[in-house]
Amino acid sequence: MFESANYEVIMGKSVDYESRRRSVLNAAINRYIREAVPVASEELAHEFELSSATIRSIFSDLEESGFLTHPYTSGGRIPTDKGYRYYVDFLISQMSLLENEKEKIVRQFKKEIRKLDDALEKTSEIISQITHYTGIVSFLEWQDRVFYRGISRILEQPEFRDAEKMRLLIKMFEEKGNLLDVINRDFKDKVKVYIGHEMGRPEMKNYSLVVSSYRVKNKPSGRLAVLGPVRMEYKHIIPTMEYISDVLSEVLDSI
């Protein structure tokens, strides 16, 4: 699926089924990210000018391929980790940050910063404020130290109003070694996205982690990360992390 076009002419119109499936998947994920409730076929039928039965058929194909699932016997669909991975990998080229958002980030960094500790702590705060999730900053030379802000922001999300999930989140930061192991993994791209089970830690399966690198004097020096629900605003967070990394690198060069 999603590898080659599959066309059919119906009533004089050429239908690209693979493109339509991609569009329906994209719309379903966007709606679930926004509303945090399973997406029903009726909700997308009007958007695509298709019948509910056609959308249900597409949903079934997407579910069979592992991109969607349904939490109840009857009801709407929600994305799987595989669905989010497709969403991130194939839509990442469309992700960009608005100029006013860039200006807001720069203004935050213009507040007086005298030393490295101040810059890293301030960055974790900025990440949390901009993304509305938990901002995390590590410095490679301080292997057991991490700056973080905004744990409570995750608990505001509807999927984490559960005592056991709260307990695991708090434990994750109390025993931060596993979290740092994931954040500090080697990767080649400017930004790395870990979705749910991809982190390889059972206690992290309900989260996604967006990680970027920053530099000091053109030398890789640490990592920035956002921890949030798998249902996170990837379109906004990925370019945000890229830009904050660039700005932090400039700030640290001037200290």
Ordered by number, the trypsin sites (Lys or Arg not before Pro) in the range 40-137 that occupy a DSSP loop and have at most 11 other Cβ atoms within 10 Å are K110, K111, R114, K115
Taking Cα atoms, the helix 52-64 axis meets the longest principal axis of the chain at an angle in degrees (rounded to 10) of 60 degrees
For the range 195-228 the trypsin sites (Lys or Arg not before Pro) that pass both the DSSP coil test and the at-most-15 other-Cβ-within-10 Å test are K205, K217
Relative contact order in percent for the chain (Cα pairs under 8 Å, 6+ apart) equals 16 percent
Reviewing [x] 7, 28, 31, 20, 10, 3, 0; [y] 7, 23, 22, 16, 13, 10, 6, 2, 1, 0; [z] 7, 30, 35, 19, 7, 1, 0, the figure for P(r) over Cα pairs in 10 Å bins from 0, in percent actually calculated from this model sits under [x]
Exposed GluC sites (Glu not before Pro) being those in a DSSP loop with at most 12 other Cβ atoms within 10 Å, the longest stretch of the chain free of them is 176-255
Longest principal axis of the chain (C-alpha) makes with the long axis of helix 116-131 (C-alpha) an angle, in degrees to the nearest 10, of 20 degrees
Quick note on T123, T131, T240, T54, ordering by fewest other C-beta atoms within 10 Å, gives T54, T131, T240, T123
With Cα springs under 10 Å, the Gaussian network model of the chain assigns the largest mean-square fluctuation among S41, S52, S208 to S52
With -39,500 (n - 2.57) per DSSP H segment of 4 or more residues and division by the full residue count of the chain, the 222 nm estimate, nearest 500 deg cm²/dmol, is -15000 deg cm²/dmol
Between R107 and K171, Cβ-based FRET efficiency (R0 35 Å, step 0.05) works out to 0.50
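Any read-out appearing in this document is the output of simple, stated calculations on the displayed coordinates, not a laboratory observation. Note that this is a predicted model, so its numbers are computed, not measured. Because the Cβ atoms are built from the backbone with ideal geometry, glycine has one as well, and the counts that use them run over all protein chains shown.
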